[in-house]
Amino acid sequence: MSVKLNEMFAANTTTNTTTNNRSLAGTAQLTSIANSVAAELIKKLDEDIENYQEKFEASKTDHNAMDALITEEYDLLSIDVEFIRDLGDEVQTSMLKSQQSKRSRNKNKVMTLDNYKSMMSGAISELLLRQAMGKPKSTLGYRRATGSIEYTAEELEQFKNDQESLKREIRNVQSKKSIMKSKADFDEEDDRWVQLLAAEDSLKALRLGGTSVRTVVVDTTKEQLLEELDGKDINSLKSADMKALLKKLLAAEETAESEELTESEETAEI
């Protein structure tokens, strides 16, 4: 394993793993196949980590990104999963839940290399189970995680209707930006960087509840002044009268500002 790849993980800690002697039928064979595929994939990543870095980093924290990395880099359809089909629906469902649980546990642990291997093995096992059961995961998650930064009208509509998914996708795009910007050869004129910026703007435009209301205030001071003067020549006013007029106008202005503030607060609560 290269130093470069090892540096991208936390240091391994000594742990004792226990084997579940009550494993479901077929689990040992499935795990053996998944471990073998995981070893091949990690070797492939290690040999060209610079080009795989973005997808690799995403795969450590996002199940969809992990699934996409696996399906993009390895032909799982070439694996014979007939032994899984022979197990029956009940066993298959239990195995699927077990692998999903394994993936979630590993994702929440410190991301060491051993833990990553285990998480990838669990992901491969789940994908093979779904392949045998005829229950593929949604293509939206797959396509997003592969690194695609272009969205169809249908996908944008889905994000608009699912604000939590929208937040995650915005964070995903921002993560891609951070990774790209950290590279030595970063160029703001790069087509992918421009696409990332456009994607981020498109997604942020779909956020609900974050828009601000601009209030246009019409200044009526001139009209009030003319009304108070009632045709009088301003040069003919005494000092005391001018002070009284000014105080009156200021009081009216303070009242108007207070009413505008109350109205804004009421609007914000709605």
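A few remarks follow.
- Filter result for residue 94 (in contact with a His (Cβ under 9 Å, 6 or more places away or on another chain) and hydroxyl-bearing (Ser, Thr, Tyr)): no
- Sub-6 Å Cβ pairs linking a first residue in region 86-110 that is outside the structural domain of residue 65 (by TED's automatic domain parsing) to a second residue that is part of a loop (DSSP other than H, G, I, E, B) and surrounded by fewer than 18 Cβ atoms within 10 Å (Cβ to Cβ), at least 6 apart or interchain, number zero.
- Unique residue being at pLDDT 90 or above, more than 11 Å from residue 67 (Cα to Cα) and not polar (S, T, N, Q) when the list is 107, 102, 117, 135: 117
- Top-ranked residue in region 26-66 [being of a type in the set (Asp, Glu) and not in a helix (DSSP H, G or I); ranked as modelled with the lowest pLDDT]: 62
- Taking every residue in region 186-213 that is of a type in the set (Val, Ile, Thr) and pairing it with any residue that is surrounded by 10 or more Cβ atoms within 10 Å (Cβ to Cβ) and at pLDDT below 85, at least 6 positions away or on another chain, the pairs with Cβ-Cβ distances below 7 Å are 213/267.
The values are calculated or read from the model by the stated rules, or taken from the named source; none is laboratory data. Predicted, not measured: the structure shown is a model, and the values here were computed from it. A quick note on method: Cβ atoms are made from the backbone with ideal geometry, for glycine too, and the neighbour counts reach across all protein chains shown.
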